[in-house]
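Laboratory data are not the source of any read-out in this text; all were calculated from the coordinates shown. Keep in mind the model is a prediction, meaning the values are calculated, not measured. In this analysis, Cβ positions are derived from the backbone assuming ideal geometry, glycine residues included, and neighbour counts consider all displayed protein chains.
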Amino acid sequence: QVQLVESGGGLVQAGGSLRLSCAASGRTFSSANMGWFRQAPGKEREFVATISWSGGSVYYADYADSVKGRFTIPRDNAKNTMYLQMNRLKTADTAVYYCTASIRSGVRAGGDYWGQGTQVTVSS
């Protein structure tokens, strides 16, 4: 069982930056595939970014086109924590952001475990 807890959401002006954190429980964090999704009011949950284990200490990051070049998804295995560094934020980035993880498969379509979500609001 994996538990995920997000933090770091808040209110920021357009053009600003914010860093979300996802703290995970469990001994297999370093080999877990993890990602971020978001859901804006009245819209479906959508993929934002993933960071997948490729073996050893190699990880592969993938991003939605809408955030490519603005967001990064680093992870700190020593702290069992994944991050979403969001730069040059836009009002369109306003949403509840969810952390997801899977031990057995990729999370591009969503993982087996989900956090409770953290609200990000970008004002104009």
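Observations
- Computed on the Cα trace of segment 35-97, the radius of gyration divided by the Kirkwood hydrodynamic radius gives Rg/Rh = 1.00.
- Given +1 at the Cβ of Lys and Arg, -1 at the Cβ of Asp and Glu and no other charges, the dipole of the chain around its Cα centre is 140 debye to the nearest 20.
- Binned Cα-Cα distance frequencies in segment 67-124 - 10 Å width, integer %: 19, 48, 29, 4, 0
- Here the mean projected area of the convex hull built on the C-alpha positions of segment 1-48 is 4.7 nm².
- Cβ-Cβ FRET estimate between THR121 and ASP62, R0 fixed at 30 Å, reported to 0.05: 0.75
- Within the chain, the percentage of alpha carbon pairs spaced more than 23 angstrom apart rounds to 23%.
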